[in-house]
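**Student:** Sharing a structure, written as structure tokens. Questions coming.
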Amino acid sequence: LFAPTSLAALELGSAVHALFEEVEWSNHADPEAAIAAARARIVCPEAVWEAAAGQLRASLAAVAVQTALALPEGNAELWRERNFEALVEGHWVSGCFDRVHLVRDDAGLPRAATILDYKTSNLDRDGALAEALAHYRPQMDLYRKVLAQLIGLDEGVIELKLIFTRAGLVEKL
């Protein structure tokens with residue numbers, strides 16, 4: 001945790017999350033406005049900001065990310081960086097949803113949801129994507145259980161997606 005590379009990765013991840021928190025729906029996304037807004041509330045080294053801003057700009061230019069962050073059809077609600085605490089299978093769980101797209105029916109009841117999680121992982125080597133998907137699957141499965149409990153929705157209608165910000169890649173789990 002206290003190794004310099006770990007600290008740099010944590011700073012980058014925090015900066016990327018702060019930037020994406022400023023993005024509502026992709027069709028209205030303004031990367032420069034998001035960067036300015038996040039900079040006003042988060043302090044980190046300039047090199048980290050530049051790297052994070054580069055990932056935001058590149059991600060928002062990628063069609064897969066634009067599609068993933070698009071306004072869903074129907075009565076959609078957006079959660080960004082929403083903390084949670086829940087009791088799941090006898091274990092207390094604390095965490096934070098990076099982004100949730102919640103679609104409600106005409107009566108206002110949840111009918112579907114997508115949990116999106118931002119990852120700054122480097123996928124440059126062979127097998128890195130498969131390893132990352134296997135590594136993050138338990139976290140995302142737990143998030144699905146938590147969200148299902150919190151909003152009273154069947155787990156089967158909760159979609160899971162990882163957004164790899166370095167690569168501008170979206171992977172469904």
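**Student:** Just subtract the alpha-carbon distance of Leu10 and Val43 from 0.36 nm times their residue separation and send over the number in nm, one decimal.
**Tutor:** Full-extension gain reported as 10.6 nm.
**Student:** Still on this model: Considering only protein heavy atoms and a probe of 1.4 Å, how much of the accessible area of the range 23-133 is carbon and sulfur, as a whole percent?
**Tutor:** 52 percent
**Student:** Taking amide H atoms as placed 1.01 Å from N in the peptide plane, list the residues 5 or more away in sequence, or in a different chain, whose amide H sits under 5 Å from that of Asn75.
**Tutor:** Answer set, sorted by chain and number: Arg104.
**Student:** Right, next: With each pseudo-label sitting 7 Å past Cα toward Cβ, what's the Asp105-Glu81 distance in nm, one decimal?
**Tutor:** According to this spin-label approximation, the distance is 3.5 nm.
**Student:** Just add up the charged neighbours of Arg80: K/R +1, D/E -1, any other residue whose Cβ is under 10 Å from the Cβ of Arg80.
**Tutor:** Residues close to Arg80 contribute a combined charge of -3.
**Student:** Given only helices, namely DSSP H runs of n ≥ 4 each adding -39500 (n - 2.57), what is the per-residue ellipticity at 222 nm of the chain, to the nearest 500 deg cm²/dmol?
**Tutor:** One gets -13500 deg cm²/dmol as the mean residue ellipticity at 222 nm.
**Student:** If you don't mind, there's one more thing I want to ask. Helix 46-61 sits at what angle to the longest principal axis of the chain, using alpha carbons and giving 0 to 90 degrees rounded to 10?
**Tutor:** Tilt relative to the chain: about 50 degrees.
**Student:** Let's test the formula: R0 of 45 Å, r as the Cβ-Cβ distance of Ala33 and His91. What FRET efficiency results, to the nearest 0.05?
**Tutor:** Step by step, r from the Cβ atoms, then E = 0.65.
**Student:** Any idea which of Ile115, Ala36, Gly127 is furthest toward the positive side of the dipole for the chain, if Lys and Arg beta-carbons carry +1 and Asp and Glu beta-carbons -1?
**Tutor:** Gly127
**Student:** Another question about this same structure. Expressed as cubic angstrom per residue, what is the convex hull volume of the alpha carbon set of the range 93-173?
**Tutor:** Looking at the range 93-173, the number lands at 89 Å³ per residue.
**Student:** For Ile42, list long-range residues whose amide hydrogen, built 1.01 Å from N in the peptide plane, is under 5 Å from its own amide hydrogen.
**Tutor:** Hits under the 5 Å cutoff: none.
**Student:** Using all alpha carbons of the range 20-101, what is the percent of pairwise distances in each 10 Å bin, ordered from the shortest bin to the longest?
**Tutor:** Values per bin, smallest distances first: 15, 40, 30, 14, 1.
The values are calculated or read from the model by the stated rules, or taken from the named source; none is laboratory data. Note that the coordinates shown come from a computational prediction; the quantities given were computed from them, not determined experimentally. Heads up, the Cβs are rebuilt from the backbone with ideal geometry, glycines too, and the neighbour counts pull from every protein chain shown. Each accessible area value is taken on the protein alone, full model and side chains, heavy atoms only, with ligands, DNA and RNA left out. Shrake-Rupley method; radii C 1.70, N 1.55, O 1.52, S 1.80 Å.
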